[in-house]
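Peer 1: Pasting a structure below so you can have a look.
Computed from the coordinates by the stated procedures, all read-outs in this text should not be read as laboratory data. Everything quoted here is computed from the prediction, not taken from an experiment. Here the Cβ is made from the backbone with ideal geometry for all residues, glycine too, and neighbour counts use every protein chain on show.
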Amino acid sequence: MHPTLRPALALLATVLVHCAETPSPATLVPMPGAPREGLTAEQRAAFARGEALFDRVFDVASGLGPYYNDVSCITCHDQPVRGGQGGFEDRIYVGLSADAEPDIENFQHSSIPGFPARPRPANTSRTIPPSLFGIGLIEEIPEEYLRRAGCNGGAFIVRNGRVARFGTRPFALTVRGVISSALFDEMGITNLVEEDDTLASKDDDGVADPEVDDGAVRDLTAYIQGLAPAPALPSDPRGAALFESMGCARCHRPETGPGVRAFTDLCVHSMGPALADGIISHERLAVPPMPFDGDEFRTMPLWGMRLRPYLLHNGSVTTADGAIRAHGGEAAESARRYTSASAEDRALLVAYLNTL
């Protein structure tokens, strides 16, 4: 177990023990990885089927490759449990496609027999597989709510007239789009649907396309859509107040949507030269227009961050303190307020973040 997880999981265990002693349904705290409340019987059945597919190991005979990063969904989304973040060993590399901006693509590090391994191009950026808990709720936020809330200096990435909600540099409009892309980009598994449900992915690995049918994509989508957010723990209101007063909530908006406390505005913001990777993507899709310098990233949702072994999009830090100090660009003033605050206030803010 990664050492940064032990205090958070110990605190979570304490809360769960307390809940077990007072088993009122209103006080029970679900473990990460549980299905959301309110799913219908049909949705629960699809959730269970998708959960099994999430663990499925693909091989050459079932369509793996020809180029891929790993052999199953759970391999890259298992910390602390199924559906969570990936570890540093699961990092992937993204960069500009041959067609250049605004498209980015993954560069797979493995290949099946008969296909030579491809060297990683220089213009790629390391990313950590994200946690999937609660992203179905993000998908359900009304478009008009997001547009009305705005971006506070950043911009939405808009595809086909809609806000792209998923991706370090947002590319997907829907959870289904995330699943379809991940199957193909991470494992080389062709499928019938992509973002607009009309495109088909194809490859030349000798297995007939599509390598999974539409039912499998729908069940995997139902599983991810049905995952509950990681439960928040009790917190000191002084920490929440500091989160607001230091300007963190300007981009990490607690109420991302009605009843959805994801702590993100789903916008891209300039993060400064220390986090820049030089990849200028999606510039033409930014609404409102903004200059891109290769340091623009979607605001990372903070819910469940105490359960993540690595923070920031590239996994370069392991503590909330380190993540705050790394912020620059549009967040430079918030970082300055934090570093110039008293040790007590910094500790209160970090403690608050470690309850999310």
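Peer 1: Taking N as the number of residues in the chain, what is its Cα Rg relative to 2.2 N^0.38 Å?
Peer 2: Here the Cα radius of gyration is 0.98 times the empirical estimate.
Peer 1: Quick one: which residues, 5 or more positions from Thr190 or on another chain, have an amide H under 5 Å from its amide H? H modelled 1.01 Å from N in the peptide plane, none for Pro or chain starts.
Peer 2: Residues meeting the criterion, in which the H sits 1.01 Å from N, are Glu211, Val212.
Peer 1: At a threshold of 8 angstrom on Cα-Cα distance, excluding pairs fewer than six apart, so keeping six or more, what relative contact order does the chain reach in percent? Before the final figure, lay out the partial values.
Peer 2: Numbers: 695 pairs, mean separation 74.2, N = 356.
After rounding, I find 21 percent.
Peer 1: Please report the relative contact order for segment 82-211, taking Cα pairs under 8 Å with a sequence separation of at least 6, and give it as a percent rounded to a whole number.
Peer 2: Over segment 82-211, the number comes to 16 percent.
Peer 1: Let me ask something additional. Using amide H atoms built in the peptide plane, which far-off residues or other-chain residues are under 5 Å from Ser270 H to H?
Peer 2: Amide H to amide H, under 5 Å and 5 or more residues apart or across chains, Ser270 pairs with Glu330.
Peer 1: Scan around Arg159 for amide H atoms under 5 Å from its own, H built in the peptide plane at 1.01 Å from N, and keep only partners 5 or more places away or cross-chain.
Peer 2: Ala164
Peer 1: Could you go through segment 318-328 in sequence order and give the Karplus-derived ³J(HN,Hα) for each residue, using 6.51 cos²θ - 1.76 cosθ + 1.60 with θ = phi - 60°, rounded to whole Hz, and x for Gly and Pro?
Peer 2: 10, 10, 4, 4, x, 5, 4, 5, 7, 5, x
Peer 1: If you don't mind, there's one more thing I want to ask. Of Tyr352, Ser201, Ala61, which is farthest towards the positive pole of the chain's charge dipole, taken about the Cα centre with +1 and -1 on the beta-carbons of Lys, Arg and Asp, Glu respectively?
Peer 2: The listed residue farthest towards the positive side: Tyr352.
Peer 1: For Asp203 and Asp236, compute 0.36 nm times the residue count separating them, minus their Cα-Cα distance, and round to one decimal in nm.
Peer 2: The Asp203-Asp236 span can extend by a further 6.6 nm.
Peer 1: Same structure again: Taking square-rooted eigenvalues a ≥ b ≥ c of the alpha carbon gyration tensor, is segment 49-94 rounded, prolate or oblate, where a/c under 1.5 means rounded and, failing that, a/b exceeding b/c means prolate? Write out the running numbers ahead of the final one.
Peer 2: Values: a/c = 2.91, a/b = 1.16, b/c = 2.51.
In terms of gyration-tensor shape, oblate.
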